[in-house]
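A quick write-up on the structure given underneath.
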Amino acid sequence: MTIYEDIDGIKEQETTLINLLDGLGNTGNIINIATTNYTERLSDRLLNRPNRLDRRIEIKSPNDEARKYFFEHRVLEEYKPKIDIDHWVKE
């Protein structure tokens, strides 16, 4: 598995990346995962060709309920009395 984080930031090496995704490097059965916060910055030649990036999954920001659940289950019990979880959820 190969992960390309913030793929929108590698404009200078896009041709090299495309060659790798197309198999010029003979990479075999590798799963490629790319992340970006700015899909609009990605070129058509990267996005609109089969076998480069086949699936697109949008992960939206968590809502208040999910943030509260996260904090309630990740903050150590000893710190809970000292913090305002509802304030953290809003922030």
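So Arg67 fits all but one of (1) closer than 26 Å to Leu17 by Cα; (2) surrounded by 10 or more Cβ atoms within 10 Å (Cβ to Cβ); what number is the exception?
(1)
State all residues of the range 1-20 that are part of a strand (DSSP E or B) and loosely packed, with under 11 Cβ neighbours inside 10 Å; if no residue qualifies, say none.
Answer for the range 1-20, where residues must be part of a strand (DSSP E or B) and loosely packed, with under 11 Cβ neighbours inside 10 Å: just Ile3.
Among Asn29, Asn51, which is open to solvent by 100 Å² or more (accessible area, probe 1.4 Å), more than 21 Å from Asp6 (Cα to Cα) and not in a helix (DSSP H, G or I)?
Numbers: Asn51 fails: more than 21 Å from Asp6 (Cα to Cα).
Sole residue among the options that is open to solvent by 100 Å² or more (accessible area, probe 1.4 Å), more than 21 Å from Asp6 (Cα to Cα) and not in a helix (DSSP H, G or I): Asn29.
Report yes if Arg56 is at negative phi, open to solvent by 100 Å² or more (accessible area, probe 1.4 Å) and of a type in the set (D, E, K, R), otherwise no. Even if it seems obvious, please write down each step before you answer.
Numbers: at negative phi: yes; open to solvent by 100 Å² or more (accessible area, probe 1.4 Å): yes; of a type in the set (D, E, K, R): yes.
Criteria met by Arg56.
Of the numbered conditions (1) surrounded by fewer than 10 Cβ atoms within 10 Å (Cβ to Cβ); (2) among the polar types (S, T, N, Q); (3) touching a strand residue (DSSP E or B) at 6+ places or on another chain (Cβ under 9 Å), Asn37 fails exactly one; give the number of that condition.
Single failed check for Asn37: (3).
The values are calculated or read from the model by the stated rules, or taken from the named source; none is laboratory data. Only a predicted model underlies this, so the values are computations on that prediction, with no experimental measurement involved. No Cβ is skipped: glycine too gets one built from the backbone with ideal geometry, and neighbour counts run over all protein chains shown. Keep in mind that these areas ignore ligands, DNA and RNA; they rest on the heavy atoms of the full protein, side chains included. Shrake-Rupley method; radii C 1.70, N 1.55, O 1.52, S 1.80 Å.
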